[in-house]
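Below: one structure, written as C-alpha cells.
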Amino acid sequence: MNGFGKMIASISICATMLMPSLASAEETQAATVQPGGSAVMTDGQTAADLGLLIGDGSGVNAEYLAKGTTRIQAAIISLRLQGKLEAAKAYTGTDSFADANLAGASNRPILAFLHGNPEYGWTGEGANRFNPLAPISSQQLYKVLLETLGYRSNADFAYKDTELFASGKGLVSIAGTSALTNAHLAAALVESLSAQTAMGHSLFDMLQMEGVLPATAALPAGERITLRRGADGSSYLADGQGRTLYFFSSDANNLDACQGPCIDNWPLLTSEKLRIPAGLDAADFTVVMHADGVKQWMYKGWPLYRFIKDVKAGDTLGEGVGGVWFEAKPDYRVMIGKSAALGNYLTDSEGRTLYYFDKDIPQTSACTENCLANWPAYGAGTGEVPSTLNAADFGTIARPDGSKQAAFKGYALYYFVKDAKRGDATGQNVNQVWFVVDPATFTGTSAGKAAPEVPAEQTGKTYRVDIKDYSFGSGPLTVEAGSTIIFTNFDDMKHNAVAVNGSFAGPLLAKGESFTIKLDKPGTYDYYCQPHKSFMTGQIIVK
C-alpha cells in the first residue's frame, strides 16, 4: 500500500462549527504535505541533550526508552536534579539498605547515601529495604519531582493527593501510569522543566542557577505536544497548555476541508517547531502547507485543530461534534472519513479507505489468492474507535492461514490496491460487490443475510480483556459458555494470562499482540500474569 503518506487534495470545503458544506474546486489550490523533519524534537532527545538522561549502551535510543523505569533509576534522576549525584557516587558510608546488593556495584554507594540522607526523599519501602529494581509509578515520580520543585510531601500535599497536586503545577503527562517506561520518564522530566518552583521561577531556571544545567543550555523552541488521559483511560493529544487537539473527518478526503468560519471555531495547530513526548514517533508528524501559505501540523495524516469552546486544560467539548470532530488519539484502530459523494465511511488510523466484500458471511472471508492480492486484508485488531461508534462492533476474524483480519460487525475489512493515496475510494462499487462501510447504515452483506442462521449456542460471544497499566481490568469478567475471550496487551512490558487450574496458558504478549481462548465449561477461572503474578490477577466466570 505504498504512497498513502503522500496526500494531495483538490476540492475545497467550506465548514462551519458543526457541519461542512462543499465549495467550488476553483476557489482554492491544493494543499501539499511535507515531512516534519528536524522541526520535530522528542522529549527523549531533549532529556539526552540536557544530560538529564544518559541511557545505557547506545544512549537514549528507542530500545532504552521502551524499558521499564526502576526505583534506583528514578532515585539517580532525583539526585541529579538536586545537584547531589556526584556526592552520592563518591559516598563512602557503609550503612545501607538490606537489599542494596540487588543493585549494581556502581549504584551501591548511591543507596548508602540515600540511606544516610533521608531528607532527599528516598527512605525505602519498609523493613530497611529499598527494592531498587522495582518499577516506579507516576505517583511516586511526581512526588520526587514536586519535592525537587520545593514542595514537600505531608506538608504541602498528602501523598495520596500527589497527582492532583501535581496537575495544579502542570505535571499531567504521565498521570495514572502504574509502571513507567523511560519514555514516560523523559516526558515527565521535560514537562517539569517549565513548571514553577515554590520559589517562583521555573525549574529550568533553578537548575541553571544551581549549575545542574550549563548557562548555555536552552529548551527547544516551538509548540509542545502532550499526552493526556481521559476519563475512560484512553490517551489523547493536547497542546502545551493542555488544550485538546482534534481530527476532522472531512480531512480524509480533502486537507483544505476546514475553511472560513470553520477555522474561526477550530483554530489550526500552527508552529515553526514541535516538541513531542518520547513515546510518539516523530515520523508521524508532518506539515500541510495550505494554499494561503499557512502551515498546519498533522498527526498520522490528520491535520490538528483546537476547539474554541475548550477554555481550560482537559476540556474535550469538541469530541463528537457534528459526528465529524474527534479527539486526536495515538491508537485509533479505525477512523471516520467523510466526503460529499460517500458520506461517512470507515478508514484506517491514517485515513485510508476501508471496504467490505458483499460475498462475505460473518466471521468468514470469501476473498482469497488473487482477490486478496487486489483487496489486501486490513489487520489492525486493537485500539480505540471514535466515540460515535460502538467498540463492541469491532473485532477480528481468523483467515485460513491463521492470520487475523479486522472486522466490523463480524465482517472482514479490506484495502483496495488501486487506492494510490489517502482519500482515494476507487474501490467503491467495483463489480457491484465492493463497497465502503457507512458505520451508521451497515447491517451486513447480501451473502451474510442469505446464509442460514447459526444457533447462538454454536457461535458464542466474543469478549475482550485489555491489559493496561499492569492490570487485567477491574472486577471479574462474566461470560456465557462457548464464549471467546481475547487478551490484548497495551503495555510496553510483556504480559500473559495463565489459568490457575491449567485450563489455558497464553504466550508472553508484546505491546499490541493478542491471545485468544474459548471457554466451553461453566465455572470460575482464576488467572494471573506469569512475570507479575504477585499483583496481576484476574477472574473469568463462565455461566
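The values are calculated or read from the model by the stated rules, or taken from the named source; none is laboratory data. Computed from a prediction, not measured in an experiment: that's the story for all the values here. Here the Cβ is made from the backbone with ideal geometry for all residues, glycine too, and neighbour counts use every protein chain on show.
Residue by residue, here is whether (1) closer than 19 Å to ARG228 by Cα; (2) outside the structural domain of ASP393 (by TED's automatic domain parsing); (3) of a type in the set (Lys, Arg) holds:
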site	(1), (2), (3)
HIS290	no, yes, no
ASP315	yes, yes, no
MET335	no, yes, no
GLY351	no, no, no
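Of the residues that make up segment 247-255, is at least one assigned by TED's automatic domain parsing to the domain that holds ALA31, closer than 30 Å to SER474 by Cβ and surrounded by 23 or more Cβ atoms within 10 Å (Cβ to Cβ)?
Taking every residue of segment 247-255 in turn, at least one turns out to be assigned by TED's automatic domain parsing to the domain that holds ALA31, closer than 30 Å to SER474 by Cβ and surrounded by 23 or more Cβ atoms within 10 Å (Cβ to Cβ).
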Evaluate segment 471-481: report whether one residue or more is surrounded by 17 or more Cβ atoms within 10 Å (Cβ to Cβ), β-branched (Val, Ile, Thr), out of contact with any His (no Cβ under 9 Å at 6 or more places or on another chain) and in a strand (DSSP E or B). yes
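For every residue, the table says whether it meets (1) part of a helix (DSSP H, G or I); (2) at pLDDT 95 or above; (3) assigned by TED's automatic domain parsing to the domain that holds ASN253; (4) surrounded by 19 or more Cβ atoms within 10 Å (Cβ to Cβ).
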| site | (1), (2), (3), (4) |
| --- | --- |
| ILE397 | no, no, no, yes |
| ALA406 | no, no, no, yes |
| LYS418 | no, yes, no, no |
| GLY423 | no, no, no, yes |
| GLN428 | no, yes, no, no |
| PRO439 | no, yes, no, yes |
Starting from segment 211-234, take each residue that is of a type in the set (A, V, I, L, M, F, W, C) and list its partners that are in a strand (DSSP E or B) and crowded, with 18+ Cβ neighbours inside 10 Å, counting only C-beta distances under 6 angstrom and pairs at least six apart or across chains. ILE225/LEU237; ILE225/ILE276; LEU227/SER235
Which of the residues that make up segment 268-310 are over 15 Å from the mean Cα position of the chain (by Cα), charged (D, E, K, R) and surrounded by fewer than 18 Cβ atoms within 10 Å (Cβ to Cβ)? GLU272, LYS273, ASP292, LYS295, LYS309
Complete set of residues in segment 495-506 that are surrounded by fewer than 20 Cβ atoms within 10 Å (Cβ to Cβ) and under 15 Å from VAL465 (Cα atoms): VAL498, ALA499, PHE504, ALA505
Residue within segment 238-248 that is within 18 Å of VAL40 (Cα to Cα) and among the basic types (Lys, Arg) present: no
Does segment 358-395 hold any residues that are in a loop (DSSP other than H, G, I, E, B), in contact (Cβ under 8 Å) with a residue 40 or more places away in the chain and over 24 Å from VAL430 (Cβ atoms), and which are they? GLY381, THR382, GLY383, VAL385, PRO386, SER387, THR388, LEU389
Matching entry among ALA155, ALA198, ALA186 (being at pLDDT 90 or above, surrounded by 23 or more Cβ atoms within 10 Å (Cβ to Cβ), farther than 30 Å from ARG352 by Cβ and not assigned by TED's automatic domain parsing to the domain that holds GLY314): ALA186
Kindly provide the set of residues from segment 516-543 that are of a type in the set (Ser, Thr, Tyr), free of Cβ contacts under 8 Å to residues at least 60 places away in the same chain and either within 19 Å of ASP469 (Cα to Cα) or not in a strand (DSSP E or B) (or both), ordered by number. TYR527, TYR528, SER534
Collect the residues in segment 293-309 that are assigned to a loop (DSSP other than H, G, I, E, B), under 23 Å from GLY423 (Cβ atoms), in contact (Cβ under 8 Å) with a residue 60 or more places away in the chain and in contact with a Ser or Thr (Cβ under 9 Å, 6 or more places away or on another chain), keeping them in residue-number order. GLY301
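The rows are residues; the columns are (1) surrounded by fewer than 18 Cβ atoms within 10 Å (Cβ to Cβ); (2) under 27 Å from ASP469 (Cα atoms); (3) within 30 Å of the chain's Cα centre (by Cα).
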position	(1), (2), (3)
ALA39	no, no, yes
ALA48	no, yes, yes
GLY51	yes, no, yes
ALA62	yes, yes, yes
GLN73	no, yes, yes
ILE77	no, yes, yes
ARG80	no, no, yes
ALA90	yes, no, no
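If we keep just the residues of segment 226-254 that are among the charged types (D, E, K, R) and in a strand (DSSP E or B), which is farthest from ALA186 (Cα to Cα)?
Across segment 226-254, the extreme among qualifying residues is ARG229.
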For LYS312, the lone unmet condition from (1) in contact with a Ser or Thr (Cβ under 8 Å, 6 or more places away or on another chain); (2) charged (D, E, K, R); (3) at pLDDT below 95 is (1)
Criterion first (crowded, with 18+ Cβ neighbours inside 10 Å and either in contact with a strand residue (DSSP E or B) (Cβ under 6 Å, 6 or more places away or on another chain) or polar (S, T, N, Q) (or both)) does SER192 satisfy it? yes
Residues (among the polar types (S, T, N, Q) and farther than 19 Å from ASP360 by Cβ) located in segment 414-433: THR426
Identity of the residue in segment 527-543, of a type in the set (S, T, N, Q) and over 14 Å from GLY475 (Cα atoms), that ends up farthest from the chain's Cα centre (by Cα): SER534
Scanning segment 238-269 for residues that are farther than 20 Å from SER194 by Cβ and among the hydroxyl-bearing types (Ser, Thr, Tyr) gives TYR246, SER249, SER250
Residues of segment 320-331 being more than 17 Å from the chain's Cα centre (by Cα) and either closer than 22 Å to LEU164 by Cβ or assigned to a loop (DSSP other than H, G, I, E, B) (or both), which ones? GLY320, VAL324
Assess whether SER21 counts as being assigned to a strand (DSSP E or B), of a type in the set (Ser, Thr, Tyr) and either modelled with pLDDT of 80 or more or not assigned by TED's automatic domain parsing to the domain that holds ALA377 (or both). yes
